[in-house]
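The structure appears below as structure tokens.
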Amino acid sequence: MNKSSRKAIIAGNWKMNKTRPEAKELLEAIKPLVANADGKVEVIACVPFTNLETAINATAGSNVKIGAENVHFEKSGAFTGEISADMLVELGVEYVVIGHSERRQYFGETDETVNKRTKAALAAGLKPIVCVGELLWERECNITEEVIARQIKLDLFDVSAADAKKTVIAYEPVWAIGTGKTATADQAEEVCAFIRSTLAKIYDNATAEAITIQYGGSMNAKNCAELLAKTNVDGGLIGGASLKAADFNTIVQAAVQG
Ligand code: 13P
């Protein structure tokens, strides 16, 4: 198996942005632009919980899929403020971002909770986008590979090979998120290839080759083509640039080109 047989996925992570009318407007603008990607590149918008129903209605019948930005690991109960996987599935949500570095940094997310959320999402039929990435200090200390291997092993602990194939891994170096500092295409490729080799050790080559690995961190209309051309970079998880229809579309079109 090689890159062309893996599913290319471009996902926007809107973070804490857009009211419902704004979400509808942005999705209405994105839909016609990315329609030609149908069957070639999976196009996803991961939106705040409050926008999910609006986003699902706005994209019905189009090739734009909708994801959430987090999910709780328990099925139901006394967890004030949390949203379960069943609630997301019932809405028509297909994907969910798990373990984003902002959740790890600001909301106490750990590899253990990332693992629990990933398993809960998979059990409910959601496709998780599991985020991993090193801090700048960790890169400077030359332990990027150790950090990434640890995250992959813990985050996917007890996830079967069949479920791992439904999981997307997003490599997001923390120092590149929202900073305008992008990893070079070679740096992104090096870590994405390392992630694939780690997956091959946990599972097997065929499983590792089937898993979509995205790069995220200041990916934009200018740098996307170079990043997406790399062998082990199968897509992108886009923050700021996903809030502008034209820029997001440029990234989708770069993925269509391969
Ligand atoms: P930026 O594209 O704004 O750097 O954000 C990346 C990100 O965190 C996507 O999840």
Review point. Considering 71, 43, which residue is touching a residue at least 12 places away in the same chain (Cβ under 8 Å) and assigned to a strand (DSSP E or B)?
Key: 43
Point to revise | Counted residues, the stretch 186-208 - those being under 18 Å from the mean Cα position of the chain (by Cα), of a type outside the set (Val, Ile, Thr) and either surrounded by fewer than 17 Cβ atoms within 10 Å (Cβ to Cβ) or under 25 Å from residue 241 (Cα atoms) (or both) | key: 4
Exercise for review: Could you tell me which residue of the stretch 164-183 is surrounded by the fewest Cβ atoms within 10 Å (Cβ to Cβ), considering only residues that are within 15 Å of the ligand (Cβ to nearest atom) and of a type in the set (Val, Ile, Thr)?
Suggested key: 179
Practice item. State whether one or more residues within the stretch 165-172 are of a type outside the set (Asp, Glu), at pLDDT 95 or above and assigned to a helix (DSSP H, G or I). Key: no
Review point. Looking at this structure, is residue 242 more than 18 Å from the chain's Cα centre (by Cα), part of a helix (DSSP H, G or I) and either within 14 Å of the ligand (Cβ to nearest atom) or of a type in the set (Ser, Thr, Tyr) (or both)?
Key: no
Check your understanding: Only one residue in 256, 252 is away from the ligand (no atom under 14 Å from the Cβ), hydrophobic (A, V, I, L, M, F, W, C) and within 25 Å of residue 16 (Cα to Cα), so which one is that?
Key -> 252
Check your understanding: In this structure, is residue 133 surrounded by fewer than 22 Cβ atoms within 10 Å (Cβ to Cβ) and either touching a His at 6+ places or on another chain (Cβ under 8 Å) or small (Gly, Ala, Ser) (or both)?
Key -> no
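The values are calculated or read from the model by the stated rules, or taken from the named source; none is laboratory data. Model, not experiment: these values are computed from the prediction. All Cβ positions, even for glycine, are placed from backbone atoms using ideal geometry, and neighbour counts span all protein chains on display.
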